[in-house]
Amino acid sequence: MTNCDNNLINPNWAQHGYIQIYTGDGKGKTTASLGLAMRALGRCWKVLIIMFTKGGDDYGELNSFRELSPDISNNLKIVQAGLDRIIYKDNQNEKDEAEIKKGWELAKQAIKEDKYQLIILDELNIAIDLGIIDIDEVIEVLKNKPDEMEIVLTGRNAHPKIIEIAHLVSNIQPIKHYWDTGVAARKGIEY
C-alpha cells in the first residue's frame, strides 16, 4: 500500500527534471519508459503517458495500468494518439496525422500547465521522423518545459536535435532477436 499524500512529496528532487530519450532499433524502448512510469507512480508522482502512433486496446500494459490501486491510478493519465495499426512512411494517412497532432496538442498543454512530474511521449520520435510533428516546435517546447518536470521520448530514429538537448540518451540496439527467425509478436512480451 502506498501513501500518496501529495503533501509529503518533495517535488524538488535534485531541483531539476531531465529530458530522456530511448531510441534505436532494439526492443524495449516503450517497456523501459513504462517501467520508469511504474517507479514514479510508486513514489506518488503524477504521470502522463501519451502513446503516439498507438491506438487500440490490445496492449498488456494498458490492462495492467487499469488494475492499479485507486491511490496509484489517480496519479496516472494515459492517452492514445494513434489508430489501431502500425504506421510507416508509405501507409500513413490524414486520420493518423490528425490523431497524432491531437496528442501533441495535449502534450504541449500538459507541459505548459505543469500538472505532471513525469510525461512520457511514447513513439514521439517516430511522429517526428514521419514529418507529422515539427522538430523545431518540439525542441522549443522541451527547452521551455518546467524545470522540475521529467520528460521521456521513445521511438526509433531520434532526431539529432532531440539528442543534442537531451540529458540522457539510450540507444537500444539489437544483437539477436527471435523475430529474425520468423517468431511473431507475442502477447505478454511484445504487447
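The values are calculated or read from the model by the stated rules, or taken from the named source; none is laboratory data. Note that this is a predicted model, so its numbers are computed, not measured. Cβ atoms come from the backbone with ideal geometry, glycine included; neighbour counts cover every protein chain shown.
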Test result for residue 115, assigned to a loop (DSSP other than H, G, I, E, B), surrounded by 15 or more Cβ atoms within 10 Å (Cβ to Cβ) and in contact (Cβ under 8 Å) with a residue 40 or more places away in the chain: no
Set 117, 15: member being modelled with pLDDT of 95 or more and either over 30 Å from residue 183 (Cα atoms) or in contact with a Ser or Thr (Cβ under 8 Å, 6 or more places away or on another chain) (or both): 117
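Here are some residues: 2, 30. Which one is within 29 Å of residue 177 (Cβ to Cβ), among the polar types (S, T, N, Q) and either buried (at least 20 other Cβ atoms within 10 Å of the Cβ) or at pLDDT below 85 (or both)?
Checking each option against the conditions leaves just 30.
Taking segment 90-107, which residues are in contact (Cβ under 8 Å) with a residue 24 or more places away in the chain, part of a helix (DSSP H, G or I) and either over 14 Å from residue 51 (Cα atoms) or β-branched (Val, Ile, Thr) (or both)?
Result: 100, single match.
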Output for segment 142-180, where each listed residue is among the aliphatic types (A, V, I, L, M), surrounded by 12 or more Cβ atoms within 10 Å (Cβ to Cβ) and not in a loop (DSSP other than H, G, I, E, B): 142, 151, 152, 153, 162, 163, 165, 169
Of all residues in segment 91-112 being acidic (Asp, Glu) and under 18 Å from the mean Cα position of the chain (by Cα), the one that is surrounded by the fewest Cβ atoms within 10 Å (Cβ to Cβ): 105
Subset of segment 49-69 (residues that are closer than 12 Å to residue 81 by Cβ, touching a Leu at 6+ places or on another chain (Cβ under 6 Å) and not in a loop (DSSP other than H, G, I, E, B)): 50, 52
Long-range neighbours under 7 Å by Cβ, at least six apart or interchain, first residue more than 16 Å from residue 153 (Cα to Cα) within segment 165-191, second at pLDDT 90 or above: 173/24; 173/25; 173/26; 174/25; 174/26; 174/27; 177/27
Qualifying residue in segment 72-80 (condition: of a type in the set (A, V, I, L, M, F, W, C), buried (at least 19 other Cβ atoms within 10 Å of the Cβ), part of a loop (DSSP other than H, G, I, E, B) and at pLDDT 90 or above): no
Any hit, segment 55-68, residues being in contact (Cβ under 8 Å) with a residue 40 or more places away in the chain, surrounded by fewer than 14 Cβ atoms within 10 Å (Cβ to Cβ) and of a type in the set (Ser, Thr, Tyr): no
